[in-house]
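Structure first, then comments.
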Amino acid sequence: MKQTLVLKVNPSKPSIKKIQVAAGIIRKGGLVAFPTETVYGLGADALNPDAVLALFKAKNRPLDNPPIVHIENINTVYELTEYVPPKAVLLMKQFWPGPLTLIFHRSKRVPDVTVAGLETVAIRMPQHAVALALIRASGCAIAAPSANLAGKPSPTSAKHVLADLDGRIDMVLDGGSTRIGVESTVLDLSLDPPIVLRPGGTPVEALRKVLGDVQLHPFVVAEKEVLVEKARSPGMRYRHYAPNAKVILVEGQLQAVIAKIKELIGSYRREGVKVGVLATDETIANYEADVVKSLGSRFNLTAIAQNLFRLLREFDYEGVDVVIAEGVPIEGLGLAVMNRLRKASGYNILKVV
Ligand code: AMP
Ligand code: MG
C-alpha cells in the first residue's frame, strides 16, 4: 500500500505549485491520476517502461491493452511516430485539443510496453487545463488509460478514482467532475476509409463532415461478443465498464421498452432481488423499483453521456443486485453511450418491438 496524496486543483486555472508536485512524481516514474475533459486518466511517463509497467499493475490491466499517449504540443506527435498522414494533420487542426485519439505508426523511441508490442501508438491532446499543465510541467508525453481498475466504469470524479485506486497510486489531482463523461473516440487512419475503433466524445458525424466516409469497426456497434483480430483493436475483447450488479439492457421502441422493464421489475422483485432501473427523464415516472435513476433527457445525449458512469457506480453504492437499463438513440454521443451500456451488460441485451 502506498499513501495516495490528493490535491484539489482549480479545473480551469490550476495552481502551478500543485502541478509541479504532480510533475515531479511523473518524472520520477510515479503514477498520478488527473482530470481530462472525458474521464480521469492515470498518468505515467510514456517513455519510461518501468513507470508504464507500474501503471498496468496498479489498474490490474492486461498487458496487451495499450494506453493512450497524451501530449500538449503537436510537435510531440512527430517525435513519437514514423509518419503523419495528411488526414491526421487535418484532424489534429480541427479536433485537438479534444476527445479524439488517432492511431499512428510508432517511432522506435516509444517503449514496447507502452504500445503493448504493437507497431502503432494511440495519441491525443486533451482539452483540460489541468491535463495540459501537467504534461507541460512533466516535460514528457504521458501514457494515461482511464484511472479505474480494469473492467470497472471509468471515473468521472476524483472520488471514483479513489474508490478503485486509493493506496495503489501516488497522487490524484482533484479537478471536480469531468465534462464529457465518456472516453475519447479512437480512430485508425491506416485504412481507407478510416475506421472508428472506439466511439467516444467526438461524434462520428463530426468526423464524417471532415473526412467524408468513416467506417465503424464491427465491434463498435456489436450487440453480442465479436471476435476481433488482436492487432487492430486490443482493448475491445475485454468486458468493461461493468458495475458489480448484473446489467440488463432493453432496447427497441420506447413504449415496448417501458413495458418490458416493468415486467422484469415485477418478476425480479417477486424473487426478492434488489432491482435498480436506469431510466430517462421522459420515462422515469413509469417505474417503481428499489432504486430508480435518470440518465437525463432522451433529447440531450450529451447530458446522458456525462451521467452514465457516475450512475453505474451509484447503483453499486446502493447495493442493487441487478440494473435494468433503457437503450438510448444511437446518434451523436448516443453511439458511445450504447457501446458502453452493451459492454457493461456483457451483451445481456433484450430487443423488444
Ligand atoms: P483507456 O486508456 O482505458 O481509455 O483505453 C485506451 C483504448 O485505446 C483501448 O481501447 C485501447 O485498445 C485503445 N488503443 C490504445 N493503443 C492502441 C493502438 N495502438 N491501436 C488501437 N487501439 C489502441
Ligand atoms: Mg479504460
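Each residue in the stretch 162-208 was checked for being closer than 30 Å to Leu7 by Cα and more than 13 Å from the chain's Cα centre (by Cα), and 16 pass.
Where strands (runs of 3 or more DSSP E) fall wholly inside the stretch 153-214, the ranges with 1 or more residues that are closer than 22 Å to Lys18 by Cβ are 171-174. Within the set Ile74, Ile25, the sole residue that is more than 18 Å from Ser154 (Cβ to Cβ) and in contact with a strand residue (DSSP E or B) (Cβ under 6 Å, 6 or more places away or on another chain) turns out to be Ile25. Name the single residue that is surrounded by the most Cβ atoms within 10 Å (Cβ to Cβ) among those in the stretch 20-43 being farther than 15 Å from Ser184 by Cα and of a type in the set (D, E, K, R). Among those residues, the one meeting the criterion is Arg27. Pairing each residue of the stretch 139-153 that is under 18 Å from Val115 (Cβ atoms) with any residue that is away from ligand 1 (no atom under 11 Å from the Cβ) and in a loop (DSSP other than H, G, I, E, B), provided the two are 6+ apart or on different chains, yields C-beta distances under 7 Å for Cys140/Ala46; Cys140/Leu47; Ala141/Ala46; Ala141/Leu47; Ala141/Ile71; Ile142/Ala46; Ala143/Ala46; Ala150/Asn60. Of note, Pro243 does not satisfy the criterion of being modelled with pLDDT of 95 or more and of a type outside the set (D, E, K, R). Return the residues of the stretch 79-131 that are among the polar types (S, T, N, Q), surrounded by 15 or more Cβ atoms within 10 Å (Cβ to Cβ), more than 16 Å from ligand 2 (Cβ to nearest atom) and not in a helix (DSSP H, G or I); say none if nothing qualifies. Hits for the stretch 79-131 are Thr81, Thr120, Gln127. Just one of the listed residues (Gly176, Gly201) is of a type outside the set (Asp, Glu), over 25 Å from Pro49 (Cα atoms), touching a Pro at 6+ places or on another chain (Cβ under 6 Å) and surrounded by fewer than 19 Cβ atoms within 10 Å (Cβ to Cβ), namely Gly176.
The values are calculated or read from the model by the stated rules, or taken from the named source; none is laboratory data. All values derive from a computational prediction rather than experimental measurement. Reconstructed Cβ throughout: ideal geometry from the backbone, glycine too, with neighbour counts over all protein chains shown.
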